[in-house]
Amino acid sequence: MNAQIASLFQGFWMNIELFLLTLVMAIPLGLLITFGTTAKIKPVRWLFKVFIWIIRGTPLMLQLFVVIYAPGLLFGTPFKSRMTACLVAFVINYAAYFSEIFRGGIESIPQGQYEAGAVLGMTKRQVFTHVILLQVIKHIVPPMSNEVITLVKDTSLARVIGIVEIIMCAERYTKQGLIWPLFSTGLFFLIFNGVVTIALNKLEKKLDYFRV
C-alpha cells in the first residue's frame with residue numbers, strides 16, 4: 001500500500017505543477033489579451049474577440065488533442081514533451097477566460113475616475129496604477145477565484161493525452177480491483193481546493209479595506 005500511496009502522491013504532484021505553471025503564465029497572457037480586446041484599432045480588437053470566442057466555445061479536452069496532434073500532422077514537428085503540450089493548451093484556455101474577467105473589471109470602473117485623474121494632472125499610467133488598479137483587483141477577485149478552483153479540477157484532464165496525474169494512477173489500481181485509490185483521489189482534490197479557497201478568501205478580506 002505504501003508504494004500505491006507514493007504513486008498517488010507522485011501523480012498529484014503533476015496536478016499541482018500543472019496548476020501552478022498555468023496560473024503563473026495565464027494571468028499575464030490574459031492581461032495582454034485584454035489589451036487586444038480593448039484596442040482602439042477595430043481589426044485587432046475583433047481578431048482577439050474571435051480568438052476568445054473560439055477558445056471559450058470549444059472544450060478544453062478538444063484543445064488538448066489539437067495542441068498535441070496538430071503540429072505533427074500539419075507541420076511534421078510534434079511536441080517532444082506531452083507536459084509542454086498540455087501546458088500550452090491550459091495556458092491558452094485559461095488566459096482567454098482570465099482576459100474576459102480582466103476586461104469586465106476594467107470596464108466596471110466609471111469613466112469619471114479616469115477624467116478626474118486627468119484633471120489632477122496625472123498621466124494615464126498614473127491614473128491606472130494609483131486609482132484604477134486596486135479597484136479592478138477588488139472587482140475581479142471573486143470571478144477569478146471561481147476560475148482558479150475550476151483549474152484545480154481541470155488538471156485531471158491532462159490524462160487524456162497520456163500525462164500520469166493522480167486520476168490516471170488511481171484508475172490503474174482500480175483495474176486491479178482496488179477501490180480506495182478513487183476515494184483517496186477525491187480527498188486529495190478536496191484538500192487542495194480547500195487550501196486554495198482559504199488563500200483566496202484571505203485575499204478578499206485583505207481587499208475589504210478598499211470599498212467601491
Using only the alpha-carbon atoms, how far is helix 2-37 inclined from the longest principal axis of the chain? Give it as 0 to 90 degrees, nearest 10.
20 degrees
Signed unit charges on C-beta, dipole axis of the chain, positive-most listed residue I52, W180, V141
I52
Global size of the range 85-190 as Cα Rg and Dmax, reported in angstrom
21.4, 72
With only alpha-carbon pairs counted, each pair once and no self-pairs, how large is the Kirkwood hydrodynamic radius of the chain in angstroms?
19.5 Å
Can you give the FRET efficiency for K42 and Q111, using 1/(1 + (r/R0)^6), R0 = 25 Å, r = Cβ-Cβ distance, to the nearest 0.05?
0.80
Please report the Cα spread of the range 102-144 along all three principal axes, rounded to whole Å, starting with the longest.
33, 15, 12
Provide Rg and Dmax in Å for the range 1-94, with only Cα atoms included in the calculation.
16.8, 60
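Subtract the Cα-Cα distance of Q176 and S81 from 0.36 nm times their separation in residues, and report this length gain in nm to one decimal.
Stretched fully, the Q176-S81 segment lengthens by 31.3 nm.
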Given points 7 Å out from each Cα along the Cα-Cβ axis, report the N193 to V160 separation in nanometres with one decimal.
1.9 nm
Let me know the charge dipole size of the chain about its Cα centre in debye, to the nearest 20, where only the beta-carbon of Lys, Arg (+1) and Asp, Glu (-1) is charged.
380 debye
The chain: relative contact order from alpha carbon pairs under 8 Å, six or more residues apart, as a whole percent, is 28 percent
Of the lysine pairs in the chain, how many meet both conditions: Cα atoms under 22 Å apart, and a spacing of 8 or more in sequence or different chains?
8
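Any read-out appearing in this document is the output of simple, stated calculations on the displayed coordinates, not a laboratory observation. From a predicted model like this one, the values you see are computed outputs, not experimental measurements. Methodologically, a virtual Cβ is constructed for each residue, glycine included, from the backbone with ideal geometry; neighbour enumeration extends over all protein chains shown.
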